[in-house]
1. Give the residues of region 10-45 that are without any contact (Cβ under 8 Å) to a residue 60 or more places away in the chain and small (G, A, S), sorted by residue number.
2. Are any residues in region 107-120 in contact with a helix residue (DSSP H, G or I) (Cβ under 6 Å, 6 or more places away or on another chain) and without any contact (Cβ under 8 Å) to a residue 60 or more places away in the chain, and if so, which ones?
3. Looking at region 10-37, which of its residues are surrounded by fewer than 21 Cβ atoms within 10 Å (Cβ to Cβ) and among the small types (G, A, S)?
4. Return the only residue of A76, A68 being crowded, with 19+ Cβ neighbours inside 10 Å, assigned to a helix (DSSP H, G or I) and small (G, A, S).
5. Taking the criterion of being closer than 19 Å to H103 by Cβ, in contact (Cβ under 8 Å) with a residue 40 or more places away in the chain and surrounded by 15 or more Cβ atoms within 10 Å (Cβ to Cβ), would at least one residue in region 46-53 satisfy it?
6. Would you mind stating whether D171 is within 17 Å of M129 (Cα to Cα), open to solvent by 40 Å² or more (accessible area, probe 1.4 Å) and not small (G, A, S)?
7. Can you name every residue in region 83-103 that is surrounded by fewer than 22 Cβ atoms within 10 Å (Cβ to Cβ) and among the hydroxyl-bearing types (S, T, Y)?
8. Can you tell which of D183, D214, D106 is modelled with pLDDT of 95 or more, closer than 24 Å to L6 by Cα and open to solvent by 10 Å² or more (accessible area, probe 1.4 Å)?
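The values are calculated or read from the model by the stated rules, or taken from the named source; none is laboratory data. What you are looking at is a predicted structure, and each value in this text was computed from that prediction instead of being measured. For neighbour counting, all protein chains shown are included, and Cβ atoms are generated from backbone atoms with ideal geometry for every residue, glycine included. With ligands, DNA and RNA removed, areas are computed over all heavy atoms of the protein, side chains included. Shrake-Rupley method; radii C 1.70, N 1.55, O 1.52, S 1.80 Å.
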Amino acid sequence: MKTIGLIGGMSWESSSEYYRIINEEVKQRLGGLHSAKCILYSVDFEEIENCQRNGEWEEAAKILTDAARSLELAGADFIVICTNTMHKVANEIQSGIQILLLHIADVTAQQVLLSGIKSIGLLGTRYTMEQDFYKSILETQGIKVLVPKETDKVIVNTVIYNELCLGKIVDESRARYKRIIQDLIGQGANGIILGCTEIGLLVKPEDLPVPLFDTTLLHAKEAVNLALK
């Protein structure tokens, strides 16, 4: 079994989901008392969020590259960043280490393609919904990406940072997300990507009339695939 290097803390709530899913998958596949070989480097999300808000992406890349190098030196065979947004600096991190970084958007695009869906709705932080670092990976695979209108982007982003990253699950916010998802379906989305690792804490497959792609679940399961390959 390969050792998974996890860069977590962004937020720790979703990082705990990664740890749970990865270990449940290993136990299910190998049986007995098996659990995952993994090393977690948990950053201070306050520092990362300040970098995001101030556009200091180079500084954020340095913090996460240092974390990845620490994991590599500690014996990790590959790296998993337990967040969608910070894959904006994935190329910088990959160039600073000798081991593979398992990109969350690559994993998600693969699953969307396997489903046969060609038009997908994307929810995430404002950075993920608006910038190209994530969407372009989907679009180069021939997948049309739809995002919410401006006022709804504000709602999605605010709920992530002010509620989900603080461990708050609010029914009113779930209702708002469901309404925003219905709007995306009305625009032609045949599936929805939860492009923020916290959204899966709020929205579940049974809440939607179309397929749901929970990036936390997909990323964690692919990490297990790679670890057991």
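1. S16, G31, G32, S35, S42
2. Within region 107-120, just A109 meets the criteria.
3. Across region 10-37, the qualifying residues are S16, G31, G32, S35.
4. Numbers: A76 fails: assigned to a helix (DSSP H, G or I).
On inspection, the qualifying residue turns out to be A68.
5. As a first pass, look at region 46-53 and keep what is closer than 19 Å to H103 by Cβ: 48, 52.
Next, only the ones that are in contact (Cβ under 8 Å) with a residue 40 or more places away in the chain stay: 52.
Of the ones still in play, those that are also surrounded by 15 or more Cβ atoms within 10 Å (Cβ to Cβ) are 52.
Yes, that holds for at least one residue.
6. Working: within 17 Å of M129 (Cα to Cα): no; open to solvent by 40 Å² or more (accessible area, probe 1.4 Å): yes; not small (G, A, S): yes.
Criteria not met by D171.
7. The one that is surrounded by fewer than 22 Cβ atoms within 10 Å (Cβ to Cβ) and among the hydroxyl-bearing types (S, T, Y): S95.
8. Values: D183 fails: closer than 24 Å to L6 by Cα; D214 fails: modelled with pLDDT of 95 or more.
Only one candidate qualifies: D106.
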